[in-house]
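Have a look at the structure below before the remarks.
The values are calculated or read from the model by the stated rules, or taken from the named source; none is laboratory data. Computed from a predicted model, the values in this text were never measured in an experiment. Reconstructed Cβ throughout: ideal geometry from the backbone, glycine too, with neighbour counts over all protein chains shown.
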């Protein structure tokens, strides 16, 4: 399974068939979407920029992942925004998945605090 670190880039990769949606556990986003208007704004802006070559597919994918709770937003709870300098996909094998449940908005900061060292020293970045 893959963990995405950028809504714009990850959704684009899925829409452009570079990554299979079924292979994505969740996307940890830097967005701060708190209501329906925020969703509309993000989808509209990203559709014009990041998703301009695949807008319809990207919006459908975003909506599906959003409704499934697979887009996590640490900023909603003043959590960290993860850096994407080395890429925006991680293999979930870098995390002890068998020992950890999917992070939720209520436990995200603890989740990131626990695994940040693993991410910093042993990531397996996907190009």
Quick one: how many residues across segment 36-58 are under 15 Å from residue 13 (Cβ atoms) and surrounded by 12 or more Cβ atoms within 10 Å (Cβ to Cβ)?
-> 7
Those residues of segment 8-20 which are closer than 20 Å to residue 92 by Cβ and exposed (fewer than 15 other Cβ atoms within 10 Å of the Cβ) amount to 18, 20
Considering (1) assigned to a loop (DSSP other than H, G, I, E, B); (2) free of Cβ contacts under 8 Å to residues at least 12 places away in the same chain, say which one residue 44 fails and leave the rest.
-> (1)
Does segment 17-38 hold any residues that are free of Cβ contacts under 8 Å to residues at least 60 places away in the same chain and farther than 15 Å from residue 79 by Cα, and which are they?
-> 17, 18, 20, 21, 22, 23, 24, 35, 36, 37, 38
Check segment 66-79 and report whether any residue there is at pLDDT below 90, part of a helix (DSSP H, G or I) and in contact with a helix residue (DSSP H, G or I) (Cβ under 6 Å, 6 or more places away or on another chain).
-> yes
